[in-house]
Every structure is written in structure tokens, then in C-alpha cells.
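Beneath this line is the structure, given in C-alpha cells, with notes to follow.
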Amino acid sequence: MSKAKVVAVRRTSRATDPVPSGPCRATVREVRDDGWVVVAVGAHMWSCLMLEHLALLSPLHVDDEVLVLPAEGDAPPVILGRVGRHPQPGAGVLQINAPGGVSLRSGDAALEIRADGRVLLKGEDVAIHAKGTQRIRAGTVAIN
């Protein structure tokens, strides 16, 4: 991760409120284009970094409740995760948002989903099985 400018912890109205010393709940107030997330912790407003996998699994939104590790020394506060109920098994869809694309690799096999809309599947032997109808729709289909 490249070095980013660390934004100082900012206080709002009640400057006498103590700053939490351990992980604490916060509410997302702004998700900035530069990667910083501004949260409210009681009367305090903090500019935070977040664990990278959180953004890939499900981006944060204003009013989300999160768990934050307060700043230590020169290190900024870090969002550890979103607070909420655990989803029921099979109740949802796993969505991975990756602006640059997604790549799954194992040995010589690979599946790449690119941001420009291209999908590439590579493997020594590729088998596609369908119980029902298998459709191929395209402007042009090239075989070999």
C-alpha cells in the first residue's frame, strides 16, 4: 500500500469528551474519493483507513455502523468491519466489487473478469456441464 497523507483526528463540539482508547462503534459520515472514510465516534469525527478486504466484499455507505480501532501514535484510526447481523446461509449473493477486475488463479488455471467487460477462462482441460439448456449467445462465435 502506498503511503497516504495521514489526516489528523478532528474533534467537534464537545472537546471534553474522552477519546476512546480501544475498539469502538462509529457511524460512517462520508466515503471520500481519496480512500479515506470519515466516521463519527460520539462527538468526535475521525478520518480512517479500512481493512482492504472490506471494500472488495461490500463497500461502506453513509450511516453504516462500523467498529473502529482508534489512532495510535502516527497511525490513523482503522475501520475493522461493519456491524450487523450475520446473513442467513443462502440468503444472499456474494458480491465482489473490484474496479480493476477480478482474477482467480490456481496453478496453470485462471479465470479473469476484466473491468472492460472481457472474461478470460484458461486451463489445460475445460469442461462445461449443464443439467438444463446450455446457451451460447454472441455477436460472433469462433470455434478453433
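Long-range amide H contacts for residue 71: which residues qualify at under 5 Å (H placed 1.01 Å from N, peptide plane, sequence gap of 5 or more or a different chain)?
none
Kindly write out, for segment 69-79 in residue order, the coupling ³J(HN,Hα) from the Karplus curve 6.51 cos²θ - 1.76 cosθ + 1.60 (θ = phi - 60°), rounded to whole Hz, with x marking Gly and Pro.
These are the phi-based 3J(HN,Hα) values: 8, x, 4, 10, x, 8, 7, x, x, 10, 7 Hz.
FYI, it's all coordinate maths here, none of it is from the lab. Note that the coordinates shown come from a computational prediction; the quantities given were computed from them, not determined experimentally.
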